[in-house]
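Novice: Please find one structure pasted underneath; my questions will follow.
The values are calculated or read from the model by the stated rules, or taken from the named source; none is laboratory data. Everything numeric here is computed off the predicted structure, so don't read it as measured data. So basically every Cβ, Gly included, is an ideal-geometry build from the backbone, and we count neighbours across all protein chains shown. The area values use the complete protein model at the heavy-atom level, side chains included, leaving out ligands, DNA and RNA. Shrake-Rupley method; radii C 1.70, N 1.55, O 1.52, S 1.80 Å.
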Amino acid sequence: MATLSVAAQQDAITVGADGKSWDIATRSSGYRVEVSTRGEVNAIYFGNRLNLERTNRAPVFEVPVRGGYVSAVPVLEVVFPDGVRDVELEYKTSEIVTMDGYPALKITQSDRHYPLEVSSWIRVLPEYDMIEKWIEVVNTGKKGSIRVENLLSGSVSLPKDAYELTHYSGVWGYEFVPQTTKLTQGTKTIQVRDFKSYGSSSFMVRPEGENDKYDGKVWFGSLSYSGNWRIDFDKSFAGNVQIAGGMNFWDQEIHLKPGQSFTSPRMLFGYTERGAEGVTASLGSYARDNLPAVHRDRIRPVLYNSWYATTFNVNEEHQLALAKVAKEIGVEMFVIDDGWFKGRVNDRAGLGDWTVDRNKFPEGLQPMIEKINAMGLDFGIWIEPEMVNPNSDLYRAHPDWVFHFPNRQRHEGRNQLILNLAREEVYQYLYTSIHALLKENNIKFIKWDMNKVLTDPGWTSAPADEQRAVRIKYMENLYRLVETLRKEFPEVWFENCSSGGGRIDLAMTSRFDFNWTSDNTDPTDRIFIQDSYLTLFPANTMISWVTQEDWHRQEPSLEYKFDVSMAGVLGVGYDITKWDDRQKKIAADKISQYKAIRETVQKGDVYRIVSPFEENRSILQYTDKNRRKAVVFVYQMAEYPSNTIKDTQRSPLAKLRGLSPDTRYQIEGTNEVFSGKYLMEVGVEFPVRGAYKSRIFTVNAVE
Ligand code: DGJ
């Protein structure tokens, strides 16, 4: 992460003369916290930083609790050993520390009677226009456990106004569908309760009717957590809106023994005056700057993945034949997907036994990997560590290692069950298996899949007061497993997958280099999924393969499919051994075009010029940080007679973004040179005719 100058840090948190009020500033936002004369810590204001008079104050406790008047959504609900369920907090201390280069305010409160200490953190990220919030609770007593029934990461309160919420929901094959709804009095909750979300915890709240893409107030946020989460948007009768989010404590509790503490995951809250584009700039650059450091600034390779070509039917001869063509067309990383491990003839067997299937690969994997390496390709492999098929050696040996309750059905999904990764022996088994796989084979890429929702979260062999914390422990061990393996095998790339984009969030993105965006690789559907994905996450994490899928019977051309997949990290998934010379030539040309633009695509700033959710076309622009080069992707999904439907009545000009106004740019393939100001204020003519047609062109500074 970029670090700030000392001056910027000092501006970020200003402490009042009494040492008991704090003005927190990012580039656009101001956030104020004050301690009242009664010792209550109140959040006073969150919005435009110029509003110094705080004319639209919306005080709410900085840490709303269960106790006293029932007004705000509580972020903390506990039961003390004597059965008292109300909390009464009062201010104790505060300090400002620097964490990874950014200033962080820690305010500690404690219960007026019981041994409970609560520290609320606010880390200020000025150039992202965001603050990070999290809460730490400690049982400071000598005896008795405090039962935590709810601990969110934080809450913010918006000034009185009429608001609309946009959030992203989805289902398998249709990830991140934006949904916009008016916030009326009451609570709107978005949440996950089964470890899978094809949507996102990211959201935007805007004053009703304000929908300019590039301008206007937006409060936004996202939770950095991959387990169950929940975010409440609560509008009071008076008109203020409180947003509270964090882990979902549905069917969950933590028992804090004397001396024990628990810290919530981090929740980001932001405020921008730059409309949705400001949100994309903030969330996208935050996610990019927090990618695993080892590969953060590296160019992502062009991938081949064998899943669509083979499904489970893999063998050395065919893999080598695929690799040979992959190399010819310009692929750099060859990945074998599902099907390579013991007993994996279909999806009814094998998960859990992470050794090679000797029936399919009699010599093991390494001899094949050596042949693939000799072709000049790196090699990657698919695993699904968190799962087990009942038909596996692992399950036969340890049927108790899966989540289950006695006397209750074990609910299978895709014929598999979830291992209880909260158990140390499960962690050790997975660590040892994957460690051996990576040690014994020259593997440079792991695709880490997770295909079943969480059911039957029983762990009855654990002490009674730990059983309902099982989901938390599971997630801790998942993060620990990935982090440990990455430390030991730093050169290996890691891809996050969950039946497509079922588990994509900022916590995964800080541990994995890529996300498999969706199992839906139809180019038309992908244009929508990718538009949403790129609103929230950076392009260098978005893997997109060209495959034979055609969900809408449009028979799109191979060129069109490549143009869609080139908007992120390009991959190929066809059975390319069946390609004729014409197809290979198209692929080779497209891959070489991608290699020429990928630096800008993967590292540049993305602008969604025209969203497919608004029109029957889509335009994406990627611009280098130094604004010398931009790459523009243009897709048309339908063509109508001129001046019929609304889209066709609009100007055919598309205005570019993010260029330098005074620099002159040449449009690729033409002799035309325009100033940046012209391209941004007048625009370029939409350069595509016909349905399912596309074009990619660059705009290059000439002086
Ligand atoms: C689900 C993934 O999303 C697919 O890409 C593929 O890896 C299959 N699992 C393999 O079982």
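Novice: Restricting the first residue to region 376-390 and requiring it to be in a strand (DSSP E or B), which pairs with a second residue that is within 16 Å of the ligand (Cβ to nearest atom) and polar (S, T, N, Q) meet a Cβ separation below 7 Å and a spacing of at least six or different chains?
Specialist: Listed by first residue and then by second, the contacts come to Met387/Gln416; Met387/Asn451; Val388/Gln416.
Novice: Considering only region 488-505, I want to know if a residue exists there that is assigned to a helix (DSSP H, G or I) and within 16 Å of the ligand (Cβ to nearest atom).
Specialist: Looking only at region 488-505, we keep the residues that are assigned to a helix (DSSP H, G or I), and these are 488.
Checking which are within 16 Å of the ligand (Cβ to nearest atom) leaves us with none.
No: zero hits.
Novice: Of (1) closer than 28 Å to Phe403 by Cβ; (2) buried (at least 24 other Cβ atoms within 10 Å of the Cβ), Ser532 satisfies all except one. Which?
Specialist: It is condition (1) that Ser532 fails.
Novice: Follow-up. Tell me, yes or no, whether region 368-385 has at least one residue that is within 16 Å of the ligand (Cβ to nearest atom), small (Gly, Ala, Ser), touching a strand residue (DSSP E or B) at 6+ places or on another chain (Cβ under 7 Å) and within 26 Å of Gly500 (Cα to Cα).
Specialist: Taking every residue of region 368-385 in turn, at least one turns out to be within 16 Å of the ligand (Cβ to nearest atom), small (Gly, Ala, Ser), touching a strand residue (DSSP E or B) at 6+ places or on another chain (Cβ under 7 Å) and within 26 Å of Gly500 (Cα to Cα).
Novice: How many residues are of a type in the set (S, T, N, Q) and within 16 Å of the ligand (Cβ to nearest atom) when one looks only at region 427-451? Write out each step before concluding.
Specialist: We begin by selecting, within region 427-451, every residue of a type in the set (S, T, N, Q); these are 428, 432-433, 441-442, 451.
Adding the requirement that they be within 16 Å of the ligand (Cβ to nearest atom) leaves 451.
Count: 1.
Novice: Same structure, new question: Does region 686-696 contain any residue that is under 27 Å from the mean Cα position of the chain (by Cα) and free of Cβ contacts under 8 Å to residues at least 12 places away in the same chain? Working first, answer last.
Specialist: We begin by selecting, within region 686-696, every residue under 27 Å from the mean Cα position of the chain (by Cα); these are 696.
Going one step further and asking which of them are free of Cβ contacts under 8 Å to residues at least 12 places away in the same chain, we end up with none.
Checking region 686-696: not a single residue is under 27 Å from the mean Cα position of the chain (by Cα) and free of Cβ contacts under 8 Å to residues at least 12 places away in the same chain.
Novice: Here's a follow-up. Quick one: Ile243 ticks every box in (1) open to solvent by 10 Å² or more (accessible area, probe 1.4 Å); (2) modelled with pLDDT of 95 or more except a single one, so which number is it?
Specialist: (1)
Novice: Looking at Met508, Met475 in this structure, which one is within 16 Å of the ligand (Cβ to nearest atom), assigned to a helix (DSSP H, G or I) and not hydroxyl-bearing (Ser, Thr, Tyr)? If you could, list the steps in order and put the result at the bottom.
Specialist: Details: Met475 fails: within 16 Å of the ligand (Cβ to nearest atom).
Just one listed residue meets the conditions, Met508.
Novice: All but one of (1) away from the ligand (no atom under 15 Å from the Cβ); (2) open to solvent by less than 10 Å² (accessible area, probe 1.4 Å) hold for Ser306; state the number of the condition that does not hold.
Specialist: Checking Ser306 against (1) away from the ligand (no atom under 15 Å from the Cβ); (2) open to solvent by less than 10 Å² (accessible area, probe 1.4 Å), the one that fails is (1).
Novice: Yes or no: Thr181 surrounded by fewer than 21 Cβ atoms within 10 Å (Cβ to Cβ) and within 24 Å of Val63 (Cα to Cα)?
Specialist: Values: surrounded by fewer than 21 Cβ atoms within 10 Å (Cβ to Cβ): yes; within 24 Å of Val63 (Cα to Cα): no.
The answer is no for Thr181.
Novice: Another one. So Ala7 ticks every box in (1) within 29 Å of the chain's Cα centre (by Cα); (2) modelled with pLDDT under 90; (3) not in a loop (DSSP other than H, G, I, E, B) but one. Which box is left unticked?
Specialist: That leaves (1) as the condition not met.
Novice: List the residue pairs whose Cβ atoms are under 6 Å apart, where the first residue sits in region 238-263 and is under 17 Å from Thr189 (Cα atoms), the second is open to solvent by 40 Å² or more (accessible area, probe 1.4 Å), and the two are 6 or more positions apart or on different chains.
Specialist: Qualifying pairs under 6 Å: Asn240/Lys160; Asn248/Gln191; Asn248/Arg230; Trp250/Arg193.
Novice: May I pose another question? Taking the condition of being assigned to a helix (DSSP H, G or I) and among the hydrophobic types (A, V, I, L, M, F, W, C), how many residues in region 10-38 meet it?
Specialist: Initial filter on region 10-38 (assigned to a helix (DSSP H, G or I)): 10-12.
Add one more test, that the residue is among the hydrophobic types (A, V, I, L, M, F, W, C), and what stays is 12.
Here the count works out to 1.
Novice: What number goes with the only condition from (1) touching a helix residue (DSSP H, G or I) at 6+ places or on another chain (Cβ under 7 Å); (2) open to solvent by less than 10 Å² (accessible area, probe 1.4 Å) that Pro292 does not pass?
Specialist: Here Pro292 meets the rest and fails (2).
Novice: Something else: Does Met368 count as of a type outside the set (Asp, Glu), open to solvent by 50 Å² or more (accessible area, probe 1.4 Å) and touching a helix residue (DSSP H, G or I) at 6+ places or on another chain (Cβ under 7 Å)?
Specialist: Working: of a type outside the set (Asp, Glu): yes; open to solvent by 50 Å² or more (accessible area, probe 1.4 Å): no; touching a helix residue (DSSP H, G or I) at 6+ places or on another chain (Cβ under 7 Å): yes.
It is false that Met368 is of a type outside the set (Asp, Glu), open to solvent by 50 Å² or more (accessible area, probe 1.4 Å) and touching a helix residue (DSSP H, G or I) at 6+ places or on another chain (Cβ under 7 Å).
Novice: Can you tell me which condition Tyr560 does not meet? The list is (1) in a helix (DSSP H, G or I); (2) surrounded by 24 or more Cβ atoms within 10 Å (Cβ to Cβ); (3) among the hydroxyl-bearing types (Ser, Thr, Tyr), and all the others hold.
Specialist: Of everything listed in (1) in a helix (DSSP H, G or I); (2) surrounded by 24 or more Cβ atoms within 10 Å (Cβ to Cβ); (3) among the hydroxyl-bearing types (Ser, Thr, Tyr), Tyr560 misses just condition (2).
Novice: Can you tell me which of Asp338, Asp347, Asp353 is open to solvent by 10 Å² or more (accessible area, probe 1.4 Å), of a type in the set (D, E, K, R), closer than 22 Å to Asn451 by Cα and within 11 Å of the ligand (Cβ to nearest atom)?
Specialist: Details: Asp338 fails: open to solvent by 10 Å² or more (accessible area, probe 1.4 Å); Asp353 fails: within 11 Å of the ligand (Cβ to nearest atom).
Answer to the selection: Asp347.
Novice: Has region 279-301 got any residue that is closer than 30 Å to Glu208 by Cβ, in contact with an Asp or Glu (Cβ under 6 Å, 6 or more places away or on another chain) and either at pLDDT 95 or above or within 16 Å of the ligand (Cβ to nearest atom) (or both)? If you could, list the steps in order and put the result at the bottom.
Specialist: Residues of region 279-301 that are closer than 30 Å to Glu208 by Cβ, as a first pass: 279-287.
Filter again for in contact with an Asp or Glu (Cβ under 6 Å, 6 or more places away or on another chain), leaving 282.
Among the residues that remain, those that are also either at pLDDT 95 or above or within 16 Å of the ligand (Cβ to nearest atom) (or both) are: 282.
Checked against the condition, which is being closer than 30 Å to Glu208 by Cβ, in contact with an Asp or Glu (Cβ under 6 Å, 6 or more places away or on another chain) and either at pLDDT 95 or above or within 16 Å of the ligand (Cβ to nearest atom) (or both), region 279-301 yields at least one hit.
Novice: Let me ask you something else. Would you check which residues across region 452-472 are within 16 Å of the ligand (Cβ to nearest atom) and either buried (at least 21 other Cβ atoms within 10 Å of the Cβ) or under 17 Å from the mean Cα position of the chain (by Cα) (or both) and list them? Break it down stepwise before answering.
Specialist: Here is the first cut: in region 452-472, the ones within 16 Å of the ligand (Cβ to nearest atom) are 452-453.
Lys452 - this is the single residue of region 452-472 that is within 16 Å of the ligand (Cβ to nearest atom) and either buried (at least 21 other Cβ atoms within 10 Å of the Cβ) or under 17 Å from the mean Cα position of the chain (by Cα) (or both).
Novice: Given (1) open to solvent by less than 20 Å² (accessible area, probe 1.4 Å); (2) within 16 Å of the ligand (Cβ to nearest atom), where does Thr600 come up short, assuming only one miss?
Specialist: Every listed condition holds for Thr600 apart from (2).
Novice: Cβ-Cβ below 9 Å, separation at least six or inter-chain, first residue in region 592-621 and closer than 30 Å to Glu328 by Cα, second part of a helix (DSSP H, G or I) and among the acidic types (Asp, Glu): which pairs?
Specialist: Final answer for the pair search is Leu620/Asp531.
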